[in-house]
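The values are calculated or read from the model by the stated rules, or taken from the named source; none is laboratory data. Just so it is clear, the structure is predicted and the values come from calculations on it, not from any experiment. Cβ: placed from backbone, ideal geometry, glycine included. Neighbour counts: every protein chain shown. Surface areas here come from the heavy atoms of the whole protein model, side chains and all, with no ligands, DNA or RNA. Shrake-Rupley method; radii C 1.70, N 1.55, O 1.52, S 1.80 Å.
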Amino acid sequence: MSRAVARAALLHMLPDYLASAGVSPDSIFRQAGMSLDDVASAAVVSRSQIHHALALSARCVGIAEVGLLLARSADPAKLGPIGKVLATARGATAEACLQAQIDLMPTMQSHVSIALLKRDTEMIWTHRLVGDDETAWLLNEGAVAFNVGMLRNLMGADWAPEHVSFPHACKGLRRSYEDHFQAPVSFGDQGEARIHMARSPLSRPLQRASHPDRERDVGPASTGPVTTIRRGASDIESAVERMIDATLADRPVTLQMAARILGLSPRTLQRRLDDNGRPFEQLLDDRRRVLAMSWLKDGGTSVTGVAMRLGYSDVAHFNRAFRRWEGRSPMGFRRASKALA
């Protein structure tokens with residue numbers, strides 16, 4: 001199971017895209033245990049949460065090639081150093097930009113292996129998310145599409161790779177990928193994503209900067225690796241609470257489901273929650289209690305409606321739980337709240 005972490009800024013283009021497609025960004029991010037603030041602040045999250053948010057998005061909009069679409073609207077500045085080096089200055093080469101991005105990748109995510117392989121007249125950019133399973137396919141596609149797009153910005157609109165390949169099976173229409181990359185695309189033929197390119201254009205000095213206000217040479221960078229950042233138990237607790245809130249009305253998230261989204265084993269997740277003083281079942285019970293009191297005070301939803309929103313299949317089960325929490329019935333609590341208003 002992947003232990004990778006990444007900055008939620010990798011998804012900075014997703015909220016606007018979802019909103020334009022009529023999908024609630026907040027709902028998608030909460031189901032993945034994240035918030036929109038995590039994206040804005042470039043918070044460190046489990047990379048499996050990013051995979052989950054992308055997969056939910058693709059399912060909701062009904063477009064398998066969503067990684068390609070998101071890459072088109074990516075803002076390099078919001079990706080920190082790894083984005084800015086590909087929006088580089090006059091005098092640098094595209095090869096130098098790619099190498100600088102590789103050197104800086106630990107500022108954005110851990111457990112990723114990227115290399116530039118040089119073979120006579122060909123250069124191959126390789127990308128492997130170490131320890132991730134087949135759920136990584138959308139992030140792989142987004143990474144390749146982003147890099148191809150940035151290289152096209154650097155070297156001109158007519159530039160195209162010679163070949164693109166992905167480690168997973170094709171999820172969408174192959175023609176859509178070939179049209180996007182303007183190159184042959186293959187799937188499932190090795191354990192990493194690859195961009196095959198003619199070597200000589202990448203080694204020539206760039207004659208213009210894609211962003212003139214950032215004209216500068218790319219030099220070596222030294223940064224601390226993201227692997228030194230570890231999410232605390234309180235961060236994990238907040239992520240689980242978001243998942244619970246987002247899924248109560250439909251199918252409350254289970255310990256096993258939450259662990260998979262967070263890239264942890266159920267035993268590890270339970271231990272971390274225990275260490276923070278609130279086991280999973282208590283978190284679920286506490287969130288139901290807080291939300292029940294809020295919705296009953298609000299008065300806009302019937303007691304039966306509140307029970308359904310909290311994921312109870314029978315209002316009698318909700319009534320018993322509420323008496324355990326507050327020592328009175330939901331209706332009694334609502335009447336008392338109105339009297340105090």
Filter the range 15-44 for residues that are open to solvent by less than 60 Å² (accessible area, probe 1.4 Å), touching a residue at least 40 places away in the same chain (Cβ under 8 Å), under 18 Å from Ala71 (Cα atoms) and part of a helix (DSSP H, G or I) and give the result. Tyr17, Leu18
Look through Ser210, Ser222, Ser238, Ser165 and report the one residue that is open to solvent by less than 60 Å² (accessible area, probe 1.4 Å), farther than 30 Å from Val290 by Cβ, at pLDDT below 95 and among the small types (Gly, Ala, Ser). Ser210
Can you tell me which residue is farthest from Val290 (Cα to Cα) among those in the range 315-331 that are open to solvent by 30 Å² or more (accessible area, probe 1.4 Å) and in contact (Cβ under 8 Å) with a residue 24 or more places away in the chain? Met331
Would you be able to say whether some residue in the range 311-318 is outside any helix (DSSP H, G or I) and of a type in the set (Phe, Trp, Tyr)? yes
Every residue from the range 45-89 that is over 18 Å from Gln109 (Cα atoms), in a helix (DSSP H, G or I) and either open to solvent by less than 20 Å² (accessible area, probe 1.4 Å) or touching a His at 6+ places or on another chain (Cβ under 6 Å) (or both): Leu56, Ser57, Ala58, Val66, Leu68, Leu70
Give just the number: which of (1) modelled with pLDDT under 95; (2) over 22 Å from Arg119 (Cα atoms); (3) open to solvent by less than 30 Å² (accessible area, probe 1.4 Å) does Glu141 not satisfy? (1)
Only residues that are in contact (Cβ under 8 Å) with a residue 24 or more places away in the chain and farther than 11 Å from Glu237 by Cβ: list them for the range 263-280, please. Gly263, Leu264, Ser265
Suppose the filter is open to solvent by less than 50 Å² (accessible area, probe 1.4 Å), part of a loop (DSSP other than H, G, I, E, B) and touching a residue at least 12 places away in the same chain (Cβ under 8 Å); does Leu291 pass it? no
Is it the case that some residue within the range 249-257 is hydroxyl-bearing (Ser, Thr, Tyr) and surrounded by 13 or more Cβ atoms within 10 Å (Cβ to Cβ)? yes
Please go through the range 41-83 and give me each residue that is within 23 Å of Ile102 (Cα to Cα) and among the basic types (Lys, Arg), ordered by number. Arg47, Arg72, Lys78
